[in-house]
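The values are calculated or read from the model by the stated rules, or taken from the named source; none is laboratory data. It should be emphasised that the depicted structure is a prediction, and the values quoted were computed from it without experimental measurement. Reconstructed Cβ throughout: ideal geometry from the backbone, glycine too, with neighbour counts over all protein chains shown.
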Amino acid sequence: GLAAQYRWQSLEWPPPDTAGFKKKILTDVQGPGSGWIEKNGKTVSMLLILENISGAEKKELLLQLETLTEKGKPKDLEVSFSGLPVIHLAMDRSLIIVVTRFLPGLFVLAALSLAFVFRRISGIAVPLCYVGLFNVILFGTIGYLGEAVNLVSVIIAPLLFVISLATSVHILVRFRQY
């Protein structure tokens, strides 16, 4: 593409004269009129189509591209990537946020609620162990089968948590009635 053409013309990347590089791109006929660079030259968009490489290789390549782009771009230039691999990387990042922030908070809230309702250690431990067991079984199976993380599997974690917690509380209440 056009950026690669200019990059190969420059012996160094990032170019030593970023202002000259920007001027060269903005004055080219294919530059601002092509849709990949904004007319004021402050935003560049890149559509990535990555085929014939594994998911892990795509992720690694995207992370390297982000690092190189941040390191080598002028300070007043905004670069964004788009495409399905970028969306998958964003979903991976959001899953990490859900797992590290949301689920522990959900466990604490559930433990407090169970403590308020049952007022016994067994009334807290049994339902949370039940929830943990089913999450380990489900996500262990998904990982063992080598399935990729997608939007559905991200939503399953809190949904499974709520359903298994409700089921375990129901079973515990029924058990204590008899």
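Summary table below
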| read-out | value |
| --- | --- |
| Given (1) closer than 30 Å to ILE156 by Cβ; (2) of a type in the set (Lys, Arg); (3) at pLDDT below 70, index of the condition ARG93 fails | (3) |
| Residues (assigned to a helix (DSSP H, G or I) and within 14 Å of LEU172 (Cβ to Cβ)) located in region 119-162 | ILE121, SER122, GLY123, ILE124, ALA125, VAL126, PRO127, LEU128, CYS129, TYR130, VAL131 |
| The listed residue being surrounded by 11 or more Cβ atoms within 10 Å (Cβ to Cβ) and at negative phi, out of PRO104, PRO85 | PRO85 |
| Tabulated pairs, region 53-66, first aliphatic (A, V, I, L, M), second part of a helix (DSSP H, G or I), C-beta under 7 angstrom, 6+ apart or interchain | LEU62/PRO85; LEU62/VAL86; LEU62/LEU89 |
| Total residues in region 68-118, condition over 30 Å from LEU133 (Cα atoms), assigned to a helix (DSSP H, G or I) and more than 11 Å from the chain's Cα centre (by Cα) | 6 |
| Any hit, region 109-129, residues being polar (S, T, N, Q) and modelled with pLDDT of 80 or more | yes |
| Selection from region 62-79 of residues that are modelled with pLDDT under 75 and not charged (D, E, K, R) | GLY72, PRO74, LEU77, VAL79 |
| Inter-residue pairs, beta-carbon under 7 Å, first among the polar types (S, T, N, Q) and in region 80-100, second assigned to a helix (DSSP H, G or I) and modelled with pLDDT under 80, 6+ apart | SER94/VAL154 |
| Only one of VAL131, VAL154 that is touching a residue at least 60 places away in the same chain (Cβ under 8 Å) and surrounded by 15 or more Cβ atoms within 10 Å (Cβ to Cβ) | VAL154 |
